[in-house]
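Here the structure is laid out as structure tokens; the discussion comes afterwards.
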Amino acid sequence: MKASVAGLAAPYAFAQAPKIENTQLGDNLYLLSGAGGNVIVRTGSEVVMVDGGLAQNAGALAQAVAALPNSGPVRTLFNTHWHPEQTGSNEKLGMAGATIIAQENTRLWLQQNITWPWNGQKFKKFAKIAQPNKTFYDKGALGTGPSEIRYGYISDAAHTDGDLYVYFAQQNVLAVGDAACGQGWPVVDWWTGGWIGGIVGGLQRIQSVATSNGNKDTKIVPGRGPVLSVTDIAAQVDMYGTIYDRLNQMTNKGRGPSEAVEAKPAKEFEAKMGNPDEFIRRSMESLWAYLSPDA
Ligand SMILES: [Zn+2]
């Protein structure tokens, strides 16, 4: 998985043992950061983990998980999507006999070699033991009663076409992987299905799942960056909705990615969010991919 250290993962990649930090989110529920992407661990009689960091950090992450109060062997691992920041513990936990849950499209991507056309980054297919061994299409649940964990497909293709959410009812925490971004502009992985319209749709879906119990205090954990509130997600819906409208109009006028970057369609958000050029370019490409899937 060496290739994955470049590009997307660069700010999080460590040559030596990474420092994994944990933040308690609720009873028996922890956010671990520093493994390459956000990892959530529910301790107790059956340890459940959402995402597994980068493969080179899997050992350090396992140690950090074992050191949590009430911990034990990880029985269930969720992959919120196929990217290396989420699937780096699959091999280790698959060999240890854990159940690896993913949306079916995530399993399909992990069964093939992938090369991103925009930067040439390569991803090797996973050995069978490291692939998700329990997949679903729409939704599912783990356990019953107050500690029930509900999960479901974010079918909008916000980030990939295999995004899922995991909702910890007791702690009122919703893990959404990279379907929401807590830090900077998101990667628009249109090669495996993501697109700018899906970012908006996915955020709206997250909003409705998070508030489905009339609850406005749900903690939403993105794939990277700090925990978000329902209000943060609403602000993101507005921002990405505005950008999507502008890019859509440019596409309808026959403008391409470079013209879109020059037009600065994210101008008023740059001070807060940083340079948007890569994001705008990928978003325009994603519109082309979405509007002409056979091209
Ligand atoms: Zn991702």
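None of the figures in this text is laboratory data; all of them are computed from the coordinates on show. Just so we're clear, the structure is a prediction, and the values are computed from it rather than from any experiment. Cβ coordinates were reconstructed from backbone atoms using ideal geometry, including for glycine residues, and neighbour counts include every protein chain displayed.
Quick notes on this one:
- Gain on full stretching of the segment that runs from Val227 to Ala127 - 0.36 nm per residue minus C-alpha separation: 32.7 nm
- Per residue Cα convex hull volume in Å³ - calculated over region 108-190: 119
- Contact order, relative form, for region 111-223: 22 percent (alpha carbon pairs under 8 Å, 6 or more residues apart, mean separation divided by residue count).
- Treating r as the C-beta distance of Glu259 and Ser212 and R0 as 45 Å, the FRET efficiency rounds to 0.65.
- For the chain, leaving out every one of the trypsin sites (Lys or Arg not before Pro) that falls in a DSSP loop and has at most 10 other Cβ atoms within 10 Å, the longest unbroken run is 1-215.
- Within the chain, antiparallel bridges make up roughly 65 percent of the DSSP beta bridges whose residues both belong there.
- Charging the Cβ of each Asp and Glu at -1 and of each Lys and Arg at +1, and nothing else, the dipole of region 114-258 about its Cα centre rounds to 440 debye.
- Largest GNM mean-square fluctuation across Ile280, Ile196, Ile20, computed for the chain with C-alpha springs under 10 Å, falls on Ile20.
- Residue (of Gly97, His81, Ile154) at the positive-pole extreme of region 46-162, dipole from beta-carbon charges: Gly97
- Dipole magnitude for the chain: about 520 debye, using +1 per Lys or Arg Cβ and -1 per Asp or Glu Cβ, origin at the Cα centre.
- Residue pairs exceeding 28 angstrom between C-alpha atoms, taken from Lys139/Lys219; Lys124/Lys267; Lys139/Lys216; Lys92/Lys139: Lys124/Lys267.
- About its Cα centre, the dipole of region 84-188 is roughly 420 debye, where the only charges are +1 on Lys and Arg Cβ and -1 on Asp and Glu Cβ.
- Percentage, to the nearest whole number, of Cα pairs in the chain over 28 Å apart: 34
- Three-way shape call for region 208-295 based on the alpha-carbon gyration tensor, with the a/c threshold at 1.5: prolate
- Residues in region 215-231 carry Karplus couplings, in order, of 9, 10, 9, 4, 8, 10, 9, x, x, 8, x, x, 4, 10, 9, 4, 5 Hz; the curve used is 6.51 cos²θ - 1.76 cosθ + 1.60 with θ = phi - 60°, and Gly or Pro positions show x.
- Over the chain, dividing the summed -39,500 (n - 2.57) contributions of all DSSP H runs of at least 4 residues by the number of residues returns a 222 nm mean residue ellipticity of -9000 deg cm²/dmol.
- Lys134-Lys19 pseudo-label distance in nm [points 7 Å out on the Cα-to-Cβ vector]: 3.6
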